[in-house]
1. Which of the chymotrypsin sites (Phe, Trp or Tyr not before Pro) found in segment 61-122 are loop residues per DSSP with 15 or fewer other Cβ atoms within 10 Å of their Cβ?
2. Based on the inverse mean of 1/r over its pairs of different Cα atoms, what is the Kirkwood hydrodynamic radius of the chain, in Å?
3. May I ask you to derive the relative contact order of segment 51-99, considering only C-alpha pairs under 8 Å and at least 6 residues apart, and to give it as an integer percent?
4. With charges only on Cβ, +1 for K and R and -1 for D and E, what is the dipole size of the chain about its Cα centre, in debye, rounded to 20?
5. Summarise the accessible area of the chain (1.4 Å probe, protein heavy atoms) by the percent that is carbon and sulfur.
6. Given a cut-off of under 8 Å on Cα pairs at least six residues apart, what relative contact order in percent is computed for segment 20-101?
7. Per residue, how many Å² of accessible area does the chain show with a 1.4 Å probe?
8. Taking the Cα centre of segment 26-94 as origin, work out the dipole magnitude from +1 charges on Lys and Arg Cβ and -1 charges on Asp and Glu Cβ, in debye rounded to 20.
Amino acid sequence: QVQLVESGGGFVQPGGSARLSCKYSGFTLDFYVIAWFRQAPGKEREGVSCISTRDDSTYYADSAKGRFTISRDNVKNTVYLQMNNLKPDDTAVYYCAAVAKMRYLELISWKYNSWGQGTQVTVSS
């Protein structure tokens, strides 16, 4: 079965950076789309970015463009989310999610059927 394990969260100063990791395993189908979502207390889950294991194509939510970068290491079976110029509004639990053979890159929560446990990112002074 697909398994996803996130790491890299923690306490970050405003304007600082963090790199989240999502190590995946159990990918047996043709290809997968791996995404980062985040959820702040009292708010709905929000898509951040996603990447395809087929061709490394990427998609970013408007909130992530220009500050966040998603990438993948095929050897390490790991997807990264580099986050720069972090703001207090970025504070959330960040989740890694995956779905097999998604036709188009979409940050829609219910379309993803495998999820990691989440890692907390707190941006505060």
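The values are calculated or read from the model by the stated rules, or taken from the named source; none is laboratory data. Here the structure is a predicted model, which is why all the values come from computation and not from measurement. Positions of Cβ are backbone-derived with ideal geometry, glycine not excepted, and every protein chain shown enters the neighbour counts. We work out accessible area using only protein heavy atoms, side chains counted, and drop any ligands, DNA or RNA first. Shrake-Rupley method; radii C 1.70, N 1.55, O 1.52, S 1.80 Å.
1. On the way: sites: Phe68, Tyr80, Tyr94, Tyr95, Tyr104, Trp110, Tyr112, Trp115; in loops: Tyr104, Tyr112.
Hits after loop and neighbour filter: Tyr104.
2. One decimal place: 14.3 Å for the Kirkwood radius.
3. Relative contact order comes out at 25 percent.
4. Values: 14 positive and 11 negative charges, 15 e Å.
With Lys and Arg at +1 and Asp and Glu at -1, about 80 debye.
5. Details: 3060 of 6750 Å².
Exposed carbon and sulfur together represent 45 percent of the surface.
6. Values: 146 pairs, mean separation 33.2, N = 82.
RCO, segment 20-101: 40 percent.
7. Details: 6750 Å² over 125 residues.
That works out to 54 Å² per residue.
8. My answer is approximately 140 debye.
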